[in-house]
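One structure is given here, and the rest of the page talks about it.
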Amino acid sequence: MDRKIAVVTGGNSGIGRCTAEALINKGCTVYDLSRRDISIQGITHICCDVTDEASVNSAIERIIAEAGRIDILINCAGFGISGAVEFTELSDAKRQFDVNFFGTVNVNKAAIPFMRNKGGGRIVNISSVAAVAHIPFQTYYSASKAAIESYTQALGNEVAPYGITVTAIQPGDIKTEFTEARQKSFAGDDVYNGRISKSVTGMEQDEIKGMSPVKAGEYIAEISLRQKVKPLYAIGFTYKLLAVLCKVFPSSIRNRIVGILYAG
Ligand code: NAP
């Protein structure tokens, strides 16, 4: 059987890299779309900023020219900003959506016509538990991931007749470069009685002690290759339980608990 052609955005680091490596181990041909050229055995890197539509279009066209099709597309490129909404520059909030949400939109928009013409494909959009447990002082990050989940489910119904299946996966705390790359603002921390720094420091400690990206990557690769997928998955027992509790508890209780944990 032909090797499956997989594209992973953000495939040079963390969850994306481990997903790309897991897909190689499962016999796929893998392309990474990211900005830094980090040589990884077996992965073809294409320099691409997902916020740049022309750069995305030319990367997807190159893959089609070389490989003929895209079977699996995993949108993993992303980063986080933190800070109080009141003190966050709008340009930073927009940049958060440009990368996490519109970056995914750009890549899917470029790839879907080729998937539709070939009669199918699998799209996996990487979300976060922050999409359902809305994290204070990471409000724009949480909102960008909630947008991903809404987009994923609506898109799934649009493209289902063409054999394209779309799912979102929620990682929880994972130990990657994401923590170091977070764009933090402590503006207004004095006004907010140190709650901004306390919240973000607590989150960073959870991430540093978090799940291995290898485990997350193996799970994402396995979902990517399934015959059928549900619209949404969480990674690991704890976060699957959290996702269930978020559905069961009324939003007032759920949000109060998140507030105690992250806005105290
Ligand atoms: P990471 O190690 O920092 O990886 C981020 C990846 O995104 C890198 O490959 C980076 O490559 C790429 N990227 C960032 N901006 C880009 C852009 N404009 N264009 C193209 N590529 C870009 O972080 P990670 O933890 O693996 O994060 C991967 C995804 O998982 C993100 O969507 C993140 O929101 C999500 N997630 C992470 C956690 C966690 O605890 N780590 C939890 C929930 C969800 P370049 O810098 O070279 O472009």
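Points to keep in mind about this one:
- When residues in segment 60-101 are screened for being closer than 19 Å to residue 181 by Cα, assigned to a helix (DSSP H, G or I) and either in contact (Cβ under 8 Å) with a residue 12 or more places away in the chain or near the ligand (Cβ under 10 Å from one of its atoms) (or both), 9 of them pass.
- Considering 101, 97, 87, the condition of being surrounded by fewer than 19 Cβ atoms within 10 Å (Cβ to Cβ) and in contact with a helix residue (DSSP H, G or I) (Cβ under 7 Å, 6 or more places away or on another chain) is satisfied by 97 alone.
- Restricting attention to segment 148-177, the residues that are in a helix (DSSP H, G or I) and either at pLDDT below 95 or under 11 Å from the mean Cα position of the chain (by Cα) (or both) add up to 2.
- Among the residues of segment 15-58, those identified as basic (Lys, Arg), surrounded by fewer than 24 Cβ atoms within 10 Å (Cβ to Cβ) and closer than 24 Å to residue 105 by Cβ are 35, 36.
- Single residue of segment 206-245 satisfying the filter (assigned to a helix (DSSP H, G or I) and among the basic types (Lys, Arg)) that is surrounded by the most Cβ atoms within 10 Å (Cβ to Cβ): 215
The values are calculated or read from the model by the stated rules, or taken from the named source; none is laboratory data. Since the structure is predicted, the reported quantities are computational estimates derived from the model, not experimental observations. A quick note on method: Cβ atoms are made from the backbone with ideal geometry, for glycine too, and the neighbour counts reach across all protein chains shown.
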